[in-house]
Amino acid sequence: MDAATGLRTPPEIDIDPYADDVLRSPDRFYEILREAGPVVRLSRYGAYAVGRHAEAKEVLSDYARFTTTGGVGLADARKPGDARALSELLEVDPPDHGPVRSAVQRILSPVVIKTWRADFEAAADRLVQTLVGRNVEAMSDLAEAFVFEVFPKALGIRFEPEAIRAIGLMMFNQSGPKNALWHAAVAGGTPYLEWLTDTCRRENVVPGTVSEQLFIAEEEGRLRQGVAANIVRAFVRGGTDSTIAGIGALLKNLSEQPDVWRRLKEEPTKLKIALDEAIRLESPFHVTFRTTLEPTELAGYALDGDTKIGVFLGAAGRDPRAWEAPDIFDIDRRVAGSHVSFGAADHNCIGQMLARLESETLMGALLRHCDTITPAGPVAYRTINQMRMIETLPLRLG
Ligand code: HEM
């Protein structure tokens, strides 16, 4: 305790949040993090970390104390050696963030997203009809196959599965430390960087789509020059793996709980929040970072300035201080808008309505065509520095 300020020093924990076993199964680490205190220091990285829901929300919401301008990864993106181009949306603080967010929100609006429903439903019906009565690898055959079918088309982005996979792996491993995962993913993704830059050019987005609208907004002065390509890039990176991971978590939970599946058959409107409940339990994003610019305080603890602070979203999703029976998948829980797996405050996920629509239409088709979905083999998780994502999910579609 500091005698002058009355503030305590955060306890240290020495577990590596990026160790393979933690990435595959983070719940024990999340519990240790939450129970160590409202804020801790990760001794291996010199960064602070929070795992409780209240502090997660506070850090994500207070831009004056916790800026995103140092980047949302572990490294400080402003420092020599780690400097990189920042996202024009996510890595900009209010008030500068506001005009960009409003311009993009007007383009990716609820009205526009609703117009995609019929196409998504038809695509989901087609896909599920080819799989019903079979054993499937649900991550590739269902979650990825569906997102790859509808997402790039809806946004108007040129599509190349190998490139999208390699770029996703690179981006989400690069937000962590320079460990073996980081090096392998950078080696795998670098050959596709030119493809990504090219894909996000004005002439390569599909006319009449959301992506073209971003460039039109730029031409009409509603977005600064250069921002449209940066946002298309954020969509490609931010919208694909996250949604596949979330749908995977939902499929796993539904396959393990036949009573919930039966209930959804009777009340399919409950599907609207099923994705939220699945990602509260298994947040696709393991962690996102902010930076303290000045020395500050959090929950009675003194924090140094110019230091990274990790918000462990999956830990907050299971915080017993915030959720009753936090480990139970409960489709009656009032979860939408209150968990932090879609972020919080000004930077809350701008694609969440789209992610919900993808999940709802795919699950709707499964409910229409399958009597049961049941586990058909062991589930395995991937190791990606910033993500929690199932690798193999064998299911029987009965
Ligand atoms: C289940 C699926 C998804 C999850 C779990 C998810 C999660 C998140 C989270 C946690 C944040 C806030 C990050 C932070 O504050 O550091 C965020 C922001 C964002 N997401 Fe998503 N996301 C999903 C789907 C999508 C989709 C489909 C898109 C593309 C349309 C998208 C695009 C974005 C963008 C552009 C931001 C930055 C918003 C801003 O800074 O104003 N996301 N997302």
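The values are calculated or read from the model by the stated rules, or taken from the named source; none is laboratory data. Remember, it's a predicted structure, so these values are computed and weren't measured experimentally. Methodologically, a virtual Cβ is constructed for each residue, glycine included, from the backbone with ideal geometry; neighbour enumeration extends over all protein chains shown.
For region 295-319, the set of residues classified as closer than 21 Å to ARG382 by Cβ and part of a helix (DSSP H, G or I) consists of LEU313, GLY314, ALA315, GLY317, listed by residue number. Only residues that are under 20 Å from LYS252 (Cα atoms) and among the hydrophobic types (A, V, I, L, M, F, W, C) were counted in region 111-152, giving 14. Within region 321-372, restricting attention to residues that are within 30 Å of LEU127 (Cβ to Cβ), of a type in the set (D, E, K, R) and within 13 Å of the ligand (Cβ to nearest atom), the residue that is surrounded by the most Cβ atoms within 10 Å (Cβ to Cβ) is GLU358. Is one or more of the residues making up region 251-274 near the ligand (Cβ under 9 Å from one of its atoms) and either surrounded by 18 or more Cβ atoms within 10 Å (Cβ to Cβ) or acidic (Asp, Glu) (or both)? Checking region 251-274: not a single residue is near the ligand (Cβ under 9 Å from one of its atoms) and either surrounded by 18 or more Cβ atoms within 10 Å (Cβ to Cβ) or acidic (Asp, Glu) (or both).
State whether the residues of region 159-169 include one that is at positive phi and either surrounded by fewer than 16 Cβ atoms within 10 Å (Cβ to Cβ) or touching a Pro at 6+ places or on another chain (Cβ under 6 Å) (or both). Full working, then the answer.
From region 159-169, those at positive phi are none; that's our starting set.
No, the conditions are met nowhere in region 159-169.
Residues of region 281-294 include at least one that is touching a Gly at 6+ places or on another chain (Cβ under 8 Å) and in a helix (DSSP H, G or I). Could you tell me whether any residue of region 326-344 is among the aliphatic types (A, V, I, L, M), more than 25 Å from PRO258 (Cβ to Cβ) and either in a loop (DSSP other than H, G, I, E, B) or in contact (Cβ under 8 Å) with a residue 12 or more places away in the chain (or both)? For region 326-344, residues among the aliphatic types (A, V, I, L, M), more than 25 Å from PRO258 (Cβ to Cβ) and either in a loop (DSSP other than H, G, I, E, B) or in contact (Cβ under 8 Å) with a residue 12 or more places away in the chain (or both): present.
Among the residues of region 303-320, the ones that are touching a helix residue (DSSP H, G or I) at 6+ places or on another chain (Cβ under 9 Å) and more than 15 Å from the ligand (Cβ to nearest atom) come to 3 in all.
A single member of VAL335, VAL379 is among the β-branched types (Val, Ile, Thr) and at pLDDT below 95, and it is VAL335.
Of the residues making up region 268-280, those that are out of contact with any Lys or Arg (no Cβ under 7 Å at 6 or more places or on another chain) and modelled with pLDDT of 95 or more number 4. When restricted to residues that are near the ligand (Cβ under 8 Å from one of its atoms) and either within 24 Å of LEU393 (Cβ to Cβ) or over 22 Å from the mean Cα position of the chain (by Cα) (or both), region 208-236 contains 0. Collect the residues in region 83-137 that are of a type in the set (A, V, I, L, M, F, W, C), under 21 Å from the mean Cα position of the chain (by Cα) and more than 21 Å from THR209 (Cα to Cα), keeping them in residue-number order. Those that are of a type in the set (A, V, I, L, M, F, W, C), under 21 Å from the mean Cα position of the chain (by Cα) and more than 21 Å from THR209 (Cα to Cα): ALA85, LEU86, LEU90, VAL92.
This table checks each residue for (1) closer than 30 Å to VAL111 by Cβ; (2) at pLDDT 95 or above; (3) touching a His at 6+ places or on another chain (Cβ under 6 Å).
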{"residue": "ALA184", "(1), (2), (3)": "no, yes, no"}
{"residue": "TYR192", "(1), (2), (3)": "no, yes, no"}
{"residue": "ARG202", "(1), (2), (3)": "yes, yes, no"}
{"residue": "ALA217", "(1), (2), (3)": "yes, yes, no"}
{"residue": "ARG224", "(1), (2), (3)": "yes, no, no"}
{"residue": "ASP241", "(1), (2), (3)": "yes, yes, no"}
{"residue": "LYS252", "(1), (2), (3)": "no, yes, no"}
{"residue": "SER255", "(1), (2), (3)": "no, yes, no"}
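Being over 20 Å from the mean Cα position of the chain (by Cα) and at pLDDT 95 or above is the requirement here; does ALA143 meet it? So ALA143 fails the test. Looking across region 281-302 at every residue that is hydrophobic (A, V, I, L, M, F, W, C) and closer than 12 Å to VAL59 by Cα, the one that is farthest from the ligand (Cβ to nearest atom) is identified as ALA299.
Taking region 146-158, which residues are part of a helix (DSSP H, G or I) and surrounded by fewer than 21 Cβ atoms within 10 Å (Cβ to Cβ)?
The first filter runs over region 146-158 and keeps only residues part of a helix (DSSP H, G or I), leaving 146-155.
Result: PHE148, GLU149, LYS153.
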